[in-house]
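Chemist: One structure, pasted below without further comment.
The values are calculated or read from the model by the stated rules, or taken from the named source; none is laboratory data. Model, not experiment: these values are computed from the prediction. No Cβ is skipped: glycine too gets one built from the backbone with ideal geometry, and neighbour counts run over all protein chains shown.
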Amino acid sequence: MARTPRDVTERELAVLEVLWNGGATTIRQLTEVLYPGGRTAHYATVQTLLHRLEAKGCVRRERVCYLPSHHNKAQIYLAAIDRDELIGRRLRDMAEQLCGGSLTPLLTHLMRTRQFTAVERRELRLLIDDLDREKGKGKGDAR
């Protein structure tokens, strides 16, 4: 199945994980985290991944000055989307591809095939109750 241009690969996801967990960073710092003791080729790989992620709107680049003379400028990269946004986008894409756009079959499958802890089940019930209350407020329903 062909990948949509905005889909994030596993290697790109690894870059995003570092940015989500550690915040803004340089290519060199990312390379050190992803490829400890890495070589020049690894730096180039990370640079390519960042450029792809930037084109997909997942990261953004900023120039920062480390010295007051403004001669030593570095580029830092930051995540432009958060984890929840990527999860939502991937789930919507999956629902579109497999279920005609409906999330219900995906959620039903997860609920039936995965063992949820009591805490997870309670959190899901609270979420559904909250969503029902919000929907009721929008319709004038006082539930």
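Residue by residue, here is whether (1) touching a residue at least 40 places away in the same chain (Cβ under 8 Å); (2) surrounded by fewer than 12 Cβ atoms within 10 Å (Cβ to Cβ) holds:
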site: Ala41; (1), (2): no, yes
site: Gly57; (1), (2): yes, yes
site: Leu86; (1), (2): yes, no
site: Cys99; (1), (2): no, no
site: Leu106; (1), (2): no, no
site: Leu110; (1), (2): no, yes
site: Leu127; (1), (2): no, yes
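Results for (1) closer than 17 Å to Asp7 by Cβ; (2) at pLDDT below 90; (3) in the same structural domain as Val15 (by TED's automatic domain parsing); (4) more than 15 Å from the chain's Cα centre (by Cα), shown as yes or no for each residue.
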site	(1), (2), (3), (4)
Thr31	no, no, yes, yes
Tyr43	no, no, yes, yes
His51	yes, no, yes, yes
His71	no, yes, yes, yes
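Chemist: Condition check: touching a Lys or Arg at 6+ places or on another chain (Cβ under 8 Å) and modelled with pLDDT of 85 or more. Does Gly57 satisfy that?
Modeler: yes
Chemist: Considering the stretch 100-117 alone, what residues qualify as being part of a helix (DSSP H, G or I) and farther than 28 Å from Trp20 by Cβ?
Modeler: From the stretch 100-117, those part of a helix (DSSP H, G or I) are 104-113; that's our starting set.
Matches in the stretch 100-117: Thr104, Pro105, Thr108, Arg112.
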